[in-house]
Amino acid sequence: MSVELEPAVAKEIFGERIELARAYAAALARDSDTLGLLGPRELEILWSRHILNSAVVAQLVGDGKTVADVGSGAGLPGIPMAIVQPNAHFTLIEPMERRSDWLRQQVELLGLTNVEVLRARAEEVGSVYDIVTARAVSNLSKLLRLTVDLIHSRGELLALKGSKAGEEIAEAKKLTKKLGIESFDLLTVGAEYLADPTTVVRIRLI
């Protein structure tokens, strides 16, 4: 098992907080196999496909915003985003005990005062946030149904997606009226840093 070396661009993305990102990457590399956080082959693209692709999404989060990262798992995209954007507050929502315990441990070790961890399923949370993020949770239609009650009026969902994002949007548009959706945007984030930038579907509620 080889772990991807830190790309030079990581320093540009994280700036003076790069040491936090390095500590998080080291913890992921150490614990992924034991806790089932990331598959062994994923460690070969740990920085480029996971940490940096998550971190660049922070540019869509303004100061003072509250963000819920649903199905946070290994803390992606929540922890890299929280490192880049210390002036927003992130809640990592993860139902699995061993993963939520690991997330709490990492948040404490990294000293991320703008992050809390909640062991729960999305539908159990009972709070609302300005922004909900999700990565590799489910298709867009299902994700919207799971998360719409977590999002403030005029809030938004930021779903990190792959090549089928356009197809998922087309399917999810059927829920526009039922769920009170104002708009769907397909965004490319991080192109100034990454050869393979992040595809984000941004859905705004009425």
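The values are calculated or read from the model by the stated rules, or taken from the named source; none is laboratory data. Quick caveat, the model's predicted, so the values are computed rather than measured. Methodologically, a virtual Cβ is constructed for each residue, glycine included, from the backbone with ideal geometry; neighbour enumeration extends over all protein chains shown.
Observations on the model:
- Residue pairs whose Cβ atoms lie under 8 Å apart, separated by 6 or more positions or on different chains, with the first residue in region 181-205 and under 15 Å from GLY162 (Cβ atoms) and the second of a type in the set (Asp, Glu), are VAL201/GLU168; VAL201/ASP185.
- The set of residues in region 147-184 being under 30 Å from LYS11 (Cα atoms) and surrounded by 12 or more Cβ atoms within 10 Å (Cβ to Cβ) consists of GLU156, LEU157, LEU158, ALA159, LEU160, LYS161, ALA165.
- Considered as a group, the residues in region 1-22 that are at pLDDT below 95 and not hydroxyl-bearing (Ser, Thr, Tyr) include one that is nearest to ASP33 (Cα to Cα), and that residue is MET1.
- Being surrounded by 14 or more Cβ atoms within 10 Å (Cβ to Cβ) and either among the hydrophobic types (A, V, I, L, M, F, W, C) or closer than 27 Å to GLU19 by Cβ (or both) is not true of LEU109.
- Listed by first and then second residue, the pairs linking a residue in region 9-21 that is of a type outside the set (A, V, I, L, M, F, W, C) to a residue that is in a helix (DSSP H, G or I), with Cβ atoms under 6 Å apart and 6 or more places separating them unless they lie on different chains, are LYS11/ILE18; ARG17/ILE83.
- The single condition from (1) out of contact with any strand residue (DSSP E or B) (no Cβ under 9 Å at 6 or more places or on another chain); (2) in a helix (DSSP H, G or I) that VAL3 fails is (2).
- From THR133, THR176, residue being under 22 Å from LEU28 (Cβ atoms), of a type outside the set (A, V, I, L, M, F, W, C) and not in a loop (DSSP other than H, G, I, E, B): THR133
- Selected residue (criterion: surrounded by the fewest Cβ atoms within 10 Å (Cβ to Cβ)) from residues of region 80-100 that are within 24 Å of ILE18 (Cα to Cα) and not hydrophobic (A, V, I, L, M, F, W, C): ASN87
- Boolean, ARG49 is surrounded by fewer than 23 Cβ atoms within 10 Å (Cβ to Cβ), more than 14 Å from the chain's Cα centre (by Cα) and either at pLDDT 95 or above or assigned to a helix (DSSP H, G or I) (or both): no
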